[in-house]
1. Could you list, in sequence order, all residues of region A:277-295 that are open to solvent by 10 Å² or more (accessible area, probe 1.4 Å) and of a type in the set (Gly, Ala, Ser)?
2. Out of everything in region D:66-91 that is among the aliphatic types (A, V, I, L, M) and in contact with a His (Cβ under 8 Å, 6 or more places away or on another chain), what residue ends up being surrounded by the fewest Cβ atoms within 10 Å (Cβ to Cβ)?
3. Could you list, in sequence order, the residues of region A:212-263 that are of a type in the set (Gly, Ala, Ser) and under 28 Å from B:VAL235 (Cα atoms)?
4. How many of the residues making up region D:109-131 are under 23 Å from D:GLU59 (Cβ atoms) and either out of contact with any helix residue (DSSP H, G or I) (no Cβ under 9 Å at 6 or more places or on another chain) or open to solvent by less than 50 Å² (accessible area, probe 1.4 Å) (or both)?
5. List the residue pairs whose Cβ atoms are under 8 Å apart, where the first residue sits in region B:35-46 and is without any contact (Cβ under 8 Å) to a residue 60 or more places away in the chain, the second is outside any strand (DSSP E or B), and the two are 6 or more positions apart or on different chains.
6. Do any residues in region D:296-312 that are open to solvent by 10 Å² or more (accessible area, probe 1.4 Å) have Cβ atoms under 7 Å from those of residues that are among the aromatic types (Phe, Trp, Tyr) and at pLDDT 95 or above, where the two are at least six apart or on different chains, and which pairs are they?
7. Within 30 Å of B:LYS190 (Cβ to Cβ) and at pLDDT 95 or above - does that describe any residue in region A:233-247?
8. Can you find even one residue in region A:34-44 that is surrounded by fewer than 16 Cβ atoms within 10 Å (Cβ to Cβ), touching a Pro at 6+ places or on another chain (Cβ under 9 Å), assigned to a strand (DSSP E or B) and at pLDDT 95 or above?
4 protein chains.
Amino acid sequence: MCTAITYAPHAHYFGRNLDLNVSYHEQVTITPRHYPFNFRRMGENANHYAMIGMATVVEDYPLYYEATNEKGLSMAGLNFPGNAVFKPEVDGRDNISSFEFIPWILGQCATIEEVKERLATIQLINLNFSDALPLHPLHWIIADSDTSVVVEPMADGLRVYDNPVGVLTNNPSFEYQLFNLNDYRHVSTKLPANTFAPTLNLDAYCLGLGGQGLPGDLSSTSRFVRATFATFNSVCEPTEASAVGQFFKLLDTVMQTRGLNEAGDGTYEYTIYSSCCNVDDGIYYYRTYGNNQITAVSLFHEPLDSDRLITYRLQYQQQIHYEN
Amino acid sequence: MCTAITYAPHAHYFGRNLDLNVSYHEQVTITPRHYPFNFRRMGENANHYAMIGMATVVEDYPLYYEATNEKGLSMAGLNFPGNAVFKPEVDGRDNISSFEFIPWILGQCATIEEVKERLATIQLINLNFSDALPLHPLHWIIADSDTSVVVEPMADGLRVYDNPVGVLTNNPSFEYQLFNLNDYRHVSTKLPANTFAPTLNLDAYCLGLGGQGLPGDLSSTSRFVRATFATFNSVCEPTEASAVGQFFKLLDTVMQTRGLNEAGDGTYEYTIYSSCCNVDDGIYYYRTYGNNQITAVSLFHEPLDSDRLITYRLQYQQQIHYEN
Amino acid sequence: MCTAITYAPHAHYFGRNLDLNVSYHEQVTITPRHYPFNFRRMGENANHYAMIGMATVVEDYPLYYEATNEKGLSMAGLNFPGNAVFKPEVDGRDNISSFEFIPWILGQCATIEEVKERLATIQLINLNFSDALPLHPLHWIIADSDTSVVVEPMADGLRVYDNPVGVLTNNPSFEYQLFNLNDYRHVSTKLPANTFAPTLNLDAYCLGLGGQGLPGDLSSTSRFVRATFATFNSVCEPTEASAVGQFFKLLDTVMQTRGLNEAGDGTYEYTIYSSCCNVDDGIYYYRTYGNNQITAVSLFHEPLDSDRLITYRLQYQQQIHYEN
Amino acid sequence: MCTAITYAPHAHYFGRNLDLNVSYHEQVTITPRHYPFNFRRMGENANHYAMIGMATVVEDYPLYYEATNEKGLSMAGLNFPGNAVFKPEVDGRDNISSFEFIPWILGQCATIEEVKERLATIQLINLNFSDALPLHPLHWIIADSDTSVVVEPMADGLRVYDNPVGVLTNNPSFEYQLFNLNDYRHVSTKLPANTFAPTLNLDAYCLGLGGQGLPGDLSSTSRFVRATFATFNSVCEPTEASAVGQFFKLLDTVMQTRGLNEAGDGTYEYTIYSSCCNVDDGIYYYRTYGNNQITAVSLFHEPLDSDRLITYRLQYQQQIHYEN
């Protein structure tokens, strides 16, 4: 599954782990302003915000996993199996297929306020990209510099939640995940006081005991808890290098190590890539599972008034710096 | 605190996280065969195995945190406060100070069998390197390609344990840590069967649920459990790049993120560096907290018949690969 | 707070712990068939099913905590603070105050099917018994011999859930509590296999290890999990004595011991009484916190065609059998 | 397995749960002062302290599970499989078989100080009561009004530990169990402060959340933690009825409900009896699994200068008080 987080120590960052057992040849993909998005039911838009993110490009169409536009608005889709329900189209609403949702929002909106207006008239419809590429069951996190929302297409309609933690994982629904945090109030970065039996001498035998109760597994509920705790207590220096490095450390707290999460038929879910976008400057940083070094692609270093997609193949090879 | 692990997917690897709130200017340090080790009570040895590892060099003396010698024997010291007791010297025994222990063992031994012989006559004595550099309370893991042992200097004498898991963290004693694993028998990389109430429909709502019960905090007991689970279930490809990358993923499961573990007085324990030595080939890989890229130093690329220490300053700066 | 359970080893049982920090002079109370229930908005009903249960009787009115009627239908109200919302009355619906809800349902219904019909037209209104006795925020479990439902008066309307576990505690909502059980699939009454590290020798050092992961605290979520696990795995002999004894053992797994749950201002929540009704035979068994012995009152041993409430004061004094 | 606790709210109490899958026809057994104890290697003692407790009487010999003598000294044996080692006899030491240990100590000692003197010269020997009754692997808790000790016959000799918690369960060793409490420092009877993310609004949605982290299973480690937490935070009134009732509530927190702990071959461990001795007054209270009512036998109501065992068969039948 996946984990998306936001982090705002001094600049603003948005990113995610993509956790799957297979890769779909995703690439860092920049969509310039005049690339023509042909929405299946809403016509063409060839004049929109430019965006950068990770996508599988099929028939010259960017199927974005997550992206950030030139206004700093970001959006990621995460797996939501068993819960996501896409509906038939309805006259009078903005009928958008799930695979068009990121371009639709990031192409037109600069802020969460604008996003909410768009969501008020949207209908997420059950329309496949192609027979070979059916829709994935997804929910989304959308964030600007100030705040974020979660969008969940449930059987009883589209739910939009304000997201006070800036984190999203997978099942169950966001409302449940948020409530579940209440069970971790006592978790702390500090050594706990002895409230168990104050008259008994109990040894704080090592640092880190305050974190007891944090779950250590890879389920989506546990990743939600750990990612929130990490993000809210994170400390970094006020530099881009420190903040980006720290962002990947936060994602590492919910990283899926190959072998620890069996997906059946001999495969394992693992963190195929991790991304971190500086949404203020449009710099998209990422790492792949096999390459620890961070790679960066800048939105604003590209010709954004173009109409052609720009893609960068991922750096899968481990880049080791040999000293001798 | 710290975590040391061993991993042997096809080649053999030994490494550790160093978790502290301050750095002591450690460097990758190679001690060639004829560097004169002047043991305080055991005389000079200027004809010994060469070794590579992380050390703070003071007055031309390598205070190793961990190292591997040219025979592939590895050894790491980890914090053991409140438990480690160093003794007065005793006639007729090999009186070795704690700070000399790694050179003493790695200089002379090629296998754990030889290590056990040396340990039979050793006395770990309470002798500071200098007034400014008192001894740290430590215990050690020592490993060859086949097996590993833990050495703990307790009040009632030196304890030597066979280590079936190849992992060491900090307090409490290794014997306790090993027993504590019994409480995690049920943890699994697979989705668990519903044994709670077989007649009740319980949804395996996401992958990773088999790991429930794994602790997610940074205490030494929890890191011991997580590191063992990760090491025993790890899957990688039979290449050096995959194994080394995976080794750092294993260390990342117990990595200390800055901000999550307060050490008092406004400081935080964090993983200052992570190391991974291919003990077959004498290649020492490491990362620092601020630099995700892996750096490598090869023992056998240096003139090992020299008598001069060779040091490499650590790469602390984030090395980002910019695509555009 | 409270826990209600159902148990059907051979006969059918329904009961609950009442957990509070104060007692309201509750008594075992039998309402015969012709006692006139004067519903505030629905008129008088003086011809209804007889019922037995625990109630505080005020101005000759039985404010039932839980009760069972002569058809074996049972119903209990449990604390639901912050969630329960009672509404204004609405023309054309059955406007029933929360305090009238148990008499309304148990007076008229024999089965859950009939209950569901009644619920379809009900409006739970915000009407106090008196100025001195405002409404408590409650939700309810209702059970016949076959099945049970939960009724929750939420801000967005009355929710009725089928209850596959026959258990109810308190916050959060039943839907959440039921989903939360998914996190305990692996809990077992048997010793677990070693799936942590199958090649490592891990000792099953005592019986009971299969239950690891069960929470041991007194929160309503933890009581829901424990009570469900206990009920679904309970074993007793096919006798009334064994089943009743076992029912109280099940309630004891979620019993609140005085001192372990501070309610503020120097008081403690504790299990004021536990009840177990054999709903087939109309026998109401109970224990108080201070008296371990079981006391029993039989519905059918009373003149049920009467119009006068019948009450039994609770046995609060410890009844010890002295052998010498 | 079993749990023994001590509790001293105003008077002093000692008792235990006996958890097994079979019963051995135990009875409340009083040994008067002149009953001749024929120690197999230490000769006859027919002039000793009188004692009361639970025993299986075989060939007129009281095989005590636990007992209290007329001086208030108490002692209980608890299962310790895989750890307990009984030794060959040794000249010059007090060679006592495990089955004679309780009579040996309680017959002669009034205080823990005297117990420690006795233990200094004891040898717990490997001598069966009979071929049909081999020794059980046991460890013991011994308590006077002030303090308690644990005695563990390990492979490397008899270990005697001061017991600051007054609790004993089963495996692993007491030293481990005591250290393990350090992992529960944060558990509290109060609602926890939000230290997880202080700037995030987390709802303390029910009382009892402070207890989160307490284990809810029946393993001996979990029972040790729960029993200690319960005992140290218990609140009762200064009356015998309240204290005795509360003592059984404390034991109920670690009670084994039938069905929840499979012992193999279709049997279940369950709490066969619970006992609570007022050691100041020599009153032995107990309950059986099938009978909730407390039964009491008084030591000092019997002719203690006799030489004949006095036994009371257990009350196994549920004693219900019927009101109508």
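1. Scanning region A:277-295 gives a single hit, A:GLY290.
2. This residue is D:ALA84.
3. A:GLY213, A:GLY216, A:SER219, A:SER220, A:SER222, A:ALA227, A:ALA230, A:GLY245, A:GLY259, A:ALA263
4. 6
5. Final answer for the pair search is B:GLU44/B:PRO36.
6. Final answer for the pair search is D:ASP307/D:TYR35; D:ARG308/D:TYR35; D:LEU309/D:TYR35.
7. no
8. Scanning region A:34-44, I find at least one residue that is surrounded by fewer than 16 Cβ atoms within 10 Å (Cβ to Cβ), touching a Pro at 6+ places or on another chain (Cβ under 9 Å), assigned to a strand (DSSP E or B) and at pLDDT 95 or above, so the answer is yes.
The values are calculated or read from the model by the stated rules, or taken from the named source; none is laboratory data. The structure displayed is predicted, hence computed values, not measured ones. No Cβ is skipped: glycine too gets one built from the backbone with ideal geometry, and neighbour counts run over all protein chains shown. Surface accessibility is based on the protein's heavy atoms, side chains included, excluding ligands, DNA and RNA. Shrake-Rupley method; radii C 1.70, N 1.55, O 1.52, S 1.80 Å.
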